[in-house]
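The values are calculated or read from the model by the stated rules, or taken from the named source; none is laboratory data. None of the values given here were measured: they were computed from a predicted structure. Cβ coordinates were reconstructed from backbone atoms using ideal geometry, including for glycine residues, and neighbour counts include every protein chain displayed. The protein model used for the area step is the full one, side chains on, heavy atoms only, and it has no ligands, DNA or RNA in it. Shrake-Rupley method; radii C 1.70, N 1.55, O 1.52, S 1.80 Å.
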Amino acid sequence: MIYRKIFLTLLIFVIWIILSGVELYNILVGIFCSILIVLLFGDINIQNQWTVNKPQRYLWFIYYFIVFLYEVIKANLDVAYRIILPNMPIKPGIVRVKTKLKSDAGLTLLANSITLTPGTLSVDIDKDNGYIYVHWIYVRDINIEETTKKISWKFEKILLKIFP
Amino acid sequence: MNEIIGKIIISIGIIADFIGCIGLIRFPDVYTRLQASTKCVTLGTCGIFFGVFVHSGFTSLGIKALLIVIFVFLTSPVSSHALARAAYRSGVKMCDKSVCDEYKSQVDRG
């Protein structure tokens, strides 16, 4: 695997040089950082390698990103409204959300999306039963089906296509 | 044209960061304050860096700003989650306005 590491080092170094220009300082920093990065993270592999070659996943991912941006901006305005109003209409609490995702990458992406959407913050995950514990700034419903529908289903229905 | 759009996006980011900071001061407990900070990250910080990208286009500065957006999107929720979980497990109470706590039974089970 030594060839792979040398190749990775060169790749990172070349990208860095393209981005920052040829100067003595840049070259020294680039050599140091690319060797350090490859020593630390060079052994990490993709878990299911067959999934890399499916092009429709990338299209779904682009669609996911657009949906995600829309939701983030909508939720941002909602939280800004709650912050600015003098009486602060908040009703916080921790609720449970059900998820059907199984793979590590899918769960990470779902939990990250929930956290990045303002108003919801994923606190913990119960991987065996498929629950995510979410802190919600304005609890509209405690029932698990309703919370799943309102918080995570809009992301999960796309993620299920990317990480089946 | 790109410069004007970039400056508008940067302004939106600064306003979002400002509102997030007000929220950080006004909200009552750790968890709601973390909510305000994630709000800063998404529209605020990423908005500013995306504005820099639009402002300077596909130059070395612009591409680096775009890379920062991607890395902040990947890493900042992890730190928020770790802070919230550590706060809960070390016994920080939720504020009086809180209405429900489904997580308590899970923590008690261990």
Report the accessible area of B:Glu3, computed with a 1.4 Å probe over the heavy atoms of all protein chains in place, in Å² rounded to the nearest 10. 100
Buried accessible area between B and A, both sides, 1.4 Å probe, in Å² rounded to 100, is 3600
Have a look at the protein assembly as shown and give its Rg and Dmax from the Cα atoms, expressed in angstrom. 20.7, 62
I'd like the distance between the alpha-carbon centres of the stretch B:47-110 and the stretch B:1-28, rounded to an integer number of Å. 17
Residue list for the stretch B:54-89, given a label point 7 angstrom along the Cα-to-Cβ vector of A:Asn26 and an amide N cut-off under 19 Å: B:56-68
Spin-label model distance (nm) - A:Leu77 vs B:Ser60, 7 Å beyond Cα toward Cβ: 4.0
Which one of A:Tyr81, A:Asn143, A:Asn26 is farthest out on the positive end of the charge dipole of chain A, using unit charges on Cβ (Lys, Arg +1; Asp, Glu -1) and the Cα centre as origin? A:Asn143
If one compares the long axis through the Cα atoms of helix B:30-39 with the longest principal axis of the Cα atoms of chain B, the angle in degrees, nearest 10, works out at 20
Can you give me the pair-distance distribution of the stretch A:49-162, C-alpha pairs, 10 Å bins, whole percents? 13, 44, 30, 10, 2, 0
For B:Ile19, the net charge from surrounding residues (Cβ-Cβ under 14 Å; K, R +1; D, E -1) works out to +2
In debye to the nearest 20, how big a dipole does the protein assembly as shown give about its Cα centre with +1 on each Lys and Arg Cβ and -1 on each Asp and Glu Cβ? 420
Carbon plus sulfur, as percent of the 1.4 Å-probe accessible area of the stretch A:1-126, comes to 74
FRET efficiency (A:Asp126, A:Leu11; Cβ distance; R0 45 Å; to 0.05) is 0.70
Just to be sure I understand the model, the point goes 7 Å from the Cα along the line to the Cβ. What's the resulting A:Ile84 to B:Asp29 distance in nm? 2.8
Ranked order, B:Ile19, B:Ile14 - accessible area, probe 1.4 Å, largest first: B:Ile14, B:Ile19
Enumerate the amide H contacts of A:Asp124 below 5 Å, restricted to partners 5 or more residues apart or on another chain; note that Pro and chain-start residues carry no placed amide H. A:Tyr133
Average Cα contact separation per residue, the stretch A:35-164, under 8 Å, 6 or more apart, as relative contact order %: 30
Mean-position separation - Cα centroids, the stretch A:102-151 and the stretch A:61-87, in angstrom: 16
Got a sec? Charge dipole of chain A, +1 on Cβ for Lys and Arg, -1 for Asp and Glu; which of A:Gln56, A:Asn129, A:Asn112 is way out at the positive end? A:Gln56
Taking the alpha-carbon set of the stretch A:2-41, what are its Rg and Dmax in Å? 9.8, 28
Accessible area in square angstrom per residue, the protein assembly as shown, 1.4 angstrom probe: 57
